[in-house]
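A short worksheet on the structure shown next.
All of the numbers you see were taken from the coordinates with simple rules; none came from a lab. Just so you know, these numbers come straight off a predicted model, no measurement behind them. All Cβ positions, even for glycine, are placed from backbone atoms using ideal geometry, and neighbour counts span all protein chains on display.
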Amino acid sequence: MNWNRIIFILLLLTLIVLGIIFYSPIFIYLIISIIVSYIFDPIVSWLEFKGMARWIAILCVYAVIAGLIAWLVITYIPRLIEQGNQLIKFISRTDVPLDQAIVQLPLVHSIYEFILKVDQTIPQLNLLPQFNQLIELGVQKLGELPQILLSNFQSIISTVALVFTIPFFSYFLLKDKRKIRQALVSLAPNKYFELTLILFNKVDENIGTYLRAILLEMINVGILSTIALTIVGVPYSIVIGAIAGLLNIIPYLGPWIGGFVAGFVILVSGLPPIMIVWMAMAILIVQFLDNYIFYPLIVGRTIRMHPLVVLMTVIAGSYFGGVIWMLISVPLVYMTYSLIMALHKNLKEFRII
Amino acid sequence: MANSFVVFIKKIFPPKEVHTELKKYQIFKTLNDKELQFVYNCLHRREFEAEEIIFEEGFPLEVIYFIESGEVELTSKKEPKTKLILKENDVFGLIDLFSGQKRRMTAKALSDTTLLAIADSDFEELINRQPSLGTKILWSCCQLMAKTIQEKNQVYN
């Protein structure tokens with residue numbers, strides 16, 4: 001190892017670090033673009049093999065997606081906004097103070113009366129002030145909700161900007177997929193060439209399958225939940241359906257959380273509590289349909305992770321970085337796990353370790 | 001006027017590079033320009049120095065190599081007598097692809113060698129996705145193997 005070589009490597013490392021710092025603001029854009037390109041790649045490749053130029057195939061896919069989004073915006077979004085508005089209106093109504101409004105809800109009211117009765121029979125207990133305090137706390141948190149939306153105005157704007165940047169990024173990622181891959185593989189030294197190729201294919205396949213499966217699952221469960229909840233008669237069914245679909249990324253736990261959200265909404269909106277049972281049944285049916293009919297149909301093979309590992313991963317994710325990390329930690333851990341397994345197997349087969 | 005317009009268009013959209021050089025390999029001989037482009041998109045070009053080991057016996061098979069230039073020597077520990085020397089335009093790894101997922105021989109570059117590699121998964125995808133291309137390639141593979149069999153043991157099968 002001569003000095004020139006060491007200096008060159010040091011310079012190169014400095015440059016890489018500087019590059020990472022310089023490009024760090026767009027990493028998130030890049031990651032989302034990669035996800036988008038993975039989702040569309042099978043369709044584009046299929047069209048390409050049918051004899052269409054790759055860039056035309058991408059533009060065709062984009063046109064279809066744009067049409068779909070336009071259709072969704074026209075039909076679905078107004079109802080979503082309307083339902084969301086109703087929820088916010090309930091939270092921020094001014095004619096009655098919110099804590100009184102909540103106390104007036106049938107279920108809460110019956111609990112309130114029950115506690116009042118208990119307090120009257122056993123005067124020393126003084127449960128009522130505590131109950132009131134609890135409601136006040138809940139009201140305070142609910143009241144902060146519009147505030148949170150307003151104070152995050154800037155990030156909402158940047159999200160809109162992001163939506164317009166991502167198609168450009170993913171266009172080039174899709175179009176030059178082969179070239180990018182060839183360039184990356186060419187970096188590997190000869191000794192590790194085949195190994196790199198195997199790992200590349202493995203990661204490619206895993207990420208691709210996983211992302212597409214997650215997306216289809218989300219859409220599928222979202223639509224099914226919306227339909228089921230609408231049949232049962234739960235209010236804000238579209239919002240809850242969308243939430244349930246999103247939460248379905250977390251295996252085992254997601255559907256439960258979705259169920260709790262639905263149950264909470266039923267309680268808040270003052271419907272008879274028996275509705276919760278119907279809602280639970282609806283969600284169970286959706287999960288059954290999803291797990292035993294649609295999931296095997298869409299994905300083919302299930303990703304097996306022990307419930308304990310999932311639970312630990314989700315909790316650790318929530319400590320690490322909140323809701324977003326709760327959602328992405330499980331796929332991340334799964335991918336890392338499968339990569340390490342493939343790496344170990346192949347390193348042994350190529351007699352490197 | 002119309003002519004200059006055509007020239008102008010051609011300047012903006014230069015005609016795509018045609019990879020006819022791939023036709024020198026037996027199994028791509030019958031492909032047309034478009035199919036060659038598909039093949040080319042999957043290829044990786046690797047350069048080996050003289051005496052460098054390309055792969056060893058018993059390694060998992062991931063790629064098929066085409067020799068663009070240079071010489072490659074194939075040896076086997078199990079059968080010390082067999083020793084093959086392959087030259088430009090030859091392909092190796094093809095029989096291993098069909099017979100099993102392990103390398104049966106060790107490959108070593110004799111001189112500075114440029115190889116084109118195609119991953120077996122890409123190769124399979126090419127064949128599966130485009131039946132006409134696949135038929136041509138597989139037909140050529142059969143021809144190549146028939147030739148090899150005839151040369152090697154003179155059996156009529």
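Near B:Arg104, the amide H atoms lying under 5 Å from its own belong to B:Gly58; only residues 5 or more places off or on other chains count, and H is placed 1.01 Å from N.
With both labels modelled 7 Å from their Cα along Cα-to-Cβ, the B:Asn89 to A:Lys50 distance reads 3.9 nm. Summing Lys, Arg as +1 and Asp, Glu as -1, what charge do residues with Cβ under 11 Å from the Cβ of B:Lys83 carry, B:Lys83 excluded? Surrounding charge for B:Lys83 is 0. Of interest is the spacing of the C-alpha centroids, which for the stretch B:83-157 and the stretch A:253-288 amounts to 60 Å.
Report the net charge of residues surrounding A:Leu215, where surrounding means a beta-carbon distance below 15 angstrom and charges are Lys +1, Arg +1, Asp -1, Glu -1.
-2
Here the 3J(HN,Hα) profile of the stretch A:38-44, calculated from phi with Karplus coefficients 6.51, -1.76 and 1.60 at θ = phi - 60°, is 5, 5, 8, 3, x, 5, 4 Hz, Gly and Pro shown as x. Among A:155-164, A:74-83, B:66-75, A:42-51, the peptide with the highest mean count of other Cβ atoms within 10 Å heads the list, and the full ranking is B:66-75, A:42-51, A:74-83, A:155-164. With the cut-off at 1.5 for a/c, could you classify the stretch A:1-54 from its C-alpha gyration tensor as rounded, prolate or oblate? Cα axes put the stretch A:1-54 in the oblate bin.
Between B:Thr135 and A:Ala63, the simple label model (points 7 Å from Cα in the Cβ direction) yields a spacing of 3.1 nm.
Using just its DSSP H runs of length 4 or more, each adding -39500 (n - 2.57), chain A gives a mean residue ellipticity at 222 nm of -28500 deg cm²/dmol after division by all residues.
Between A:Val203 and A:Leu128, what FRET efficiency follows from the Cβ-Cβ distance if R0 is 45 Å, with the result rounded to 0.05? That gives a FRET efficiency of 0.15.
Classified by the C-alpha gyration tensor, the stretch A:162-234 has an oblate form. Its axis ratio a/c, with a ≥ b ≥ c, is 1.5 or above, and a/b does not exceed b/c.
Averaged over the residues of peptide A:198-208, the number of Cβ atoms from other protein chains lying within 10 Å of each residue's Cβ is 1.
Hey, got the average number of other protein chain Cβ atoms within 10 angstrom for residues in B:107-118? Spell out each step's value before the answer.
Numbers: counts 0, 0, 1, 0, 0, 0, 0, 0, 2, 0, 4, 1.
Averaged over the peptide's residues, the number is 1.
Ignoring aspartates and glutamates fewer than eight residues from A:Lys89 along the same chain, none have Cα atoms less than 12 angstrom from its Cα. Students often get this wrong, so check it: of A:Lys202/B:Lys147; A:Lys191/B:Lys102; A:Lys177/B:Lys147; B:Lys102/B:Lys152; B:Lys34/B:Lys102, which have C-alpha atoms separated by over 28 Å? Checking Cα-Cα distances, A:Lys202/B:Lys147; A:Lys177/B:Lys147; B:Lys34/B:Lys102 exceed 28 Å.
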